Amino acid sequence: MDRYNPKAFRSNRLLFFGCFFLLSTSFTQAFEVEVTDRVIFTLTIDNQTSGQIVLGLFGKLVPKTVENFVQLSSEKGYQNKSYNGSIFHRVIANFMIQGGDITSQDGSGSISIYGEYFDDENFVLNHGQAGLISMANAGKDTNGSQFFITLVPTPWLDGHHTVFGVVLDGMDLVYRIGSLKTDSNDRTLEVVRIVDVKTEKVDFKTTLE
């Protein structure tokens, strides 16, 4: 082939960009995940009702993790402890908001329906977008009750934290919490508290980036 032939050059250039486009879209293509449970948190900020965050959980991909979260979201909870009444104790702007310490309320506590900790279930899903719900931990196989919601994509957490759900509605409230002023320990100056929790079984698909 004559590489100086304008027609050949134009054809090769189109082929190159076509292949580049296909490769790039193959890594960014959205995909569907089945939602098996819906959890609704009603929140207050500084004792003022501030809205709801609706969470969709992926019980078929991470059944053990989702079962733990759902039971801790129930009215009875586990050992008389539940997410109802707990706070978001740690907020880092442009990163995540963290809650779920139902024993100490300061990030030092851990409990699960399987014991103090349970093992990492899997790392099937990546932290590729804002609004993902993932397990907070203190290292390998130290999952308990604490969780966080991403404010941005956080790929450096992939392979270390288990993603098990996504915010279906209420990201405006998540972002509002993420913008609150905090102290040197990343604790918000205005208390963000879960004052009501509802759970329900569902069966539909949602799209992740």
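No lab work stands behind these numbers, since they all come straight from the coordinates. Being a predicted model, the structure only gives us computed values, none of them experimental. Here the Cβ is made from the backbone with ideal geometry for all residues, glycine too, and neighbour counts use every protein chain on show.
Structure notes:
- Long-range HN-HN contacts of ASP169 with modeled amide H, under 5 Å: VAL54
- Note that the range 158-166 has calculated 3J(HN,Hα) couplings of 4, x, 10, 9, 8, 6, 9, x, 8 Hz, one per residue in order, obtained from phi through the Karplus relation 6.51 cos²θ - 1.76 cosθ + 1.60 (θ = phi - 60°); glycine and proline are x.
- Phi-derived couplings, Karplus 6.51 cos²θ - 1.76 cosθ + 1.60 at θ = phi - 60°, listed residue by residue for the range 52-60: 10, 10, 9, 10, x, 10, 9, x, 7 Hz, with x used for Gly and Pro.
- Pair-distance distribution P(r) for the chain, from all Cα-Cα distances in 5 Å bins starting at 0: 1, 7, 14, 18, 19, 14, 7, 4, 3, 3, 3, 3, 2, 2, 1, 0 percent.
- Note: relative contact order over the chain, using C-alpha pairs below 8 Å and six or more positions apart, is 30 percent.
- Taking Lys and Arg as +1 and Asp and Glu as -1, the other residues whose beta-carbon sits under 14 Å from that of LYS198 total -2.
- The range 31-208 - charge dipole about Cα centre, Lys and Arg +1 at Cβ, Asp and Glu -1, debye rounded to 20: 180
- For LYS81, the shell of other residues with beta-carbons less than 14 Å away shows a net charge of -2, using +1 for Lys and Arg and -1 for Asp and Glu.
- Net charge over other residues, Cβ less than 14 angstrom from the Cβ of ASP46 (K, R count +1; D, E count -1): +3
- Eligible lysines near LYS205 by straight Cα distance, threshold 18 Å, same-chain separation 8 or greater: LYS60
- Karplus-derived HN-Hα couplings along the range 106-122 (A = 6.51, B = -1.76, C = 1.60, θ = phi - 60°), whole Hz, x at Gly and Pro: 10, x, 8, x, 8, 7, 9, 6, 9, x, 4, 10, 9, 5, 4, 6, 5
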